[in-house]
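One structure is given here, and the rest of the page talks about it.
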Amino acid sequence: MTKPRTYQTPAIVIKKTKLGEADRILTFYTPELGKIQGVAKAVRKPKSKLSGHLEMLSYSLVTLARGKNIDTVIGSQTLKPFLAIKNDLDLLSCALYITEMVNQFTPPETEDPQIFNLLAFTLEQLPEAADRELLLRYFELHLLRQAGYRPELEKCVMCRKTLETVTNSFAPSAGGMLCPSCQRLGRHYGYLLSPDGLGVMRFIQGGDWESISVVPVDCSTIAEIERLIRSYIRHLLEKEIKSALWLDSLKLESSQSGKV
């Protein structure tokens with residue numbers, strides 16, 4: 001059956017790239033089509049009617065016309081502009097990290113409504129979250145699980161024994177935890193993880209945000225988990241997430257200025 005020449009889909013803009021003097025290539029994440037791209041012609045011109053509906057992070061109803069190599073955006077209507085995020089530098093840095101993660105861990109044109117729902121939900125929660133760092137850890141672990149990279153946190157990945165309540169190690173190259181005995185074998189480099197840190201990682205990985213968000217978690221534990229997850233992401237992608245560096249620089253500036 002021939003596909004219709006035009007189609008419409010809800011979409012969140014997760015990346016934009018300049019093309020020529022006035023066009024842009026936009027990368028969208030959608031609930032039924034997965035990650036798709038479209039050219040928005042003349043969208044960078046001051047009088048463009050589409051530009052306000054195709055900003056980075058915007059959640060819009062997008063209409064596209066099929067093309068030979070890439071589709072063309074011919075219409076867009078904003079559903080959720082996420083203005084609170086766009087007007088706050090710290091929130092914006094978190095949101096750009098979230099969208100870059102989705103872009104890096106999803107293949108093109110592969111339907112995954114759960115990833116779309118996770119993305120939309122995290123962006124909605126970001127301005128309201130009492131602990132943004134905890135929300136980011138929740139997003140990371142649930143994205144990794146859905147993308148097929150769920151780290152093993154219950155058993156040692158080498159000997160398969162249930163982990164004891166001691167300081168174990170997280171090995172990015174092995175995809176999960178190592179018990180002290182297997183860590184000493186030296187086959188994989190591991191980062192030490194405290195019993196509290198492992199407990200919180202398990203809680204985040206297996207829980208929903210409503211339950212997780214009401215449990216106070218020590219800042220040092222969140223920082224410990226962030227370091228391990230970041231190392232795992234770096235191993236999987238074989239590179240750094242670019243927006244994570246900006247996120248880190250803003251956190252450093254905040255700590256140096258005494259901002260809470």
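Being at negative phi, in contact with a helix residue (DSSP H, G or I) (Cβ under 8 Å, 6 or more places away or on another chain) and not basic (Lys, Arg) is true for just one of Asp88, Asp112. Which residue is that?
Asp112
Would you be able to say whether some residue in the range 146-154 is in contact with a Lys or Arg (Cβ under 8 Å, 6 or more places away or on another chain) and in contact (Cβ under 8 Å) with a residue 12 or more places away in the chain?
Checked the range 146-154: at least one residue is in contact with a Lys or Arg (Cβ under 8 Å, 6 or more places away or on another chain) and in contact (Cβ under 8 Å) with a residue 12 or more places away in the chain.
Within the group Ser169, Ser173, which residue is assigned by TED's automatic domain parsing to the domain that holds Glu210, farther than 25 Å from Lys242 by Cα and modelled with pLDDT of 95 or more?
One residue alone meets the criteria, Ser169.
Which members of the range 1-41 meet the condition of being hydrophobic (A, V, I, L, M, F, W, C) and farther than 24 Å from Ile85 by Cα?
Met1, Leu19, Ala22, Leu33, Val39
Would you mind stating whether Ser211 is at pLDDT 95 or above and of a type in the set (Ser, Thr, Tyr)?
Criteria met by Ser211.
When residues of the range 105-131 are filtered for being within 13 Å of the chain's Cα centre (by Cα) and surrounded by 16 or more Cβ atoms within 10 Å (Cβ to Cβ), how many remain?
Counting residues in the range 105-131 that are within 13 Å of the chain's Cα centre (by Cα) and surrounded by 16 or more Cβ atoms within 10 Å (Cβ to Cβ) gives 10.
Out of Arg234, Arg160, which single residue is under 23 Å from Leu92 (Cα atoms) and modelled with pLDDT of 95 or more?
Arg234
Just name the residue that is nearest to Leu136 (Cα to Cα) out of those in the range 150-174 that are surrounded by fewer than 15 Cβ atoms within 10 Å (Cβ to Cβ) and among the hydroxyl-bearing types (Ser, Thr, Tyr).
Selected residue: Ser173.
The values are calculated or read from the model by the stated rules, or taken from the named source; none is laboratory data. The model shown is predicted, which means the values in this text are computed figures rather than measured ones. Reconstructed Cβ throughout: ideal geometry from the backbone, glycine too, with neighbour counts over all protein chains shown.
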